[in-house]
Amino acid sequence: MPEKKQLQVEAICNGSVIDHIPAGQGIKILKLFHLLDTRQRITVGLNLPSAALGAKDLIKVENTQLTADQANQLALFAPQATVNIITDFKVVTKHQLQLPEVVVGVFACPNSNCISHREPVRSRFSVRSAQGEVRLKCHFCEKSFTQEIVSDAF
């Protein structure tokens, strides 16, 4: 007898689906990437079952198509995530995530003395990965931080 599966999250007609987010990172991604500012319907699944991860988060944003650059910024928090662009209930594009070289306007610099806190400029970090650790270097103060420190300063 075939196994019955029940969809735990409703399909969307048009928009973006961010899947395979490590459990506990979904809310952080919603905030950091200003997805709530889209004013579109957003479906969020937290701690959903996953064969690969054990548990995962999922975000579906209707009528919003993430670009490849935006998707790559997600690799800082969810390197194994997938970003699918949906049109008429079908996947039309699958973004393969890669760490971006630069992240602009997402994080504030954790260095309280950085000029970016006093001037009307968008934050800018160069991204480097060495020995499995992701580091972000502020364009303005040139200090280097781990991804966790930068995202916690948000």
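One table, with the values for the structure above:
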{"read-out": "Residue under evaluation THR67, criteria (1) closer than 17 Å to GLY24 by Cα; (2) without any contact (Cβ under 8 Å) to a residue 24 or more places away in the chain, criterion not met", "value": "(1)"}
{"read-out": "Strands (runs of 3 or more DSSP E) within segment 2-87 that include 1 or more residues within 25 Å of ARG135 (Cβ to Cβ)", "value": "15-22, 54-62, 82-87"}
{"read-out": "Residue within segment 91-100 that is among the charged types (D, E, K, R), farther than 20 Å from ARG124 by Cα and at pLDDT 90 or above present", "value": "yes"}
{"read-out": "Index of the failed condition, GLU148 passing every other in (1) modelled with pLDDT of 90 or more; (2) under 16 Å from the mean Cα position of the chain (by Cα)", "value": "(1)"}
{"read-out": "Residue check, LYS60 over 18 Å from CYS13 (Cβ atoms), of a type outside the set (Asp, Glu) and under 16 Å from the mean Cα position of the chain (by Cα)", "value": "no"}
{"read-out": "The listed residue being within 30 Å of LYS143 (Cα to Cα) and touching a Pro at 6+ places or on another chain (Cβ under 6 Å), out of GLN73, GLN80, GLN98", "value": "GLN73"}
{"read-out": "Filter result (surrounded by fewer than 17 Cβ atoms within 10 Å (Cβ to Cβ), in contact (Cβ under 8 Å) with a residue 24 or more places away in the chain and not in a helix (DSSP H, G or I)) within segment 115-138", "value": "SER126, SER129"}
{"read-out": "Hits in segment 97-114 (condition: of a type in the set (S, T, N, Q) and either under 13 Å from the mean Cα position of the chain (by Cα) or in a strand (DSSP E or B) (or both))", "value": "GLN98"}
{"read-out": "Residue in segment 42-60 that is closer than 19 Å to ILE149 by Cα, surrounded by 12 or more Cβ atoms within 10 Å (Cβ to Cβ) and without any contact (Cβ under 8 Å) to a residue 60 or more places away in the chain present", "value": "no"}
{"read-out": "Search result, residues across segment 79-110 that are crowded, with 17+ Cβ neighbours inside 10 Å and over 19 Å from ILE12 (Cβ atoms)", "value": "LEU97, PRO100, VAL103, VAL106, PHE107, CYS109, PRO110"}
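The values are calculated or read from the model by the stated rules, or taken from the named source; none is laboratory data. None of the values given here were measured: they were computed from a predicted structure. Heads up, the Cβs are rebuilt from the backbone with ideal geometry, glycines too, and the neighbour counts pull from every protein chain shown.
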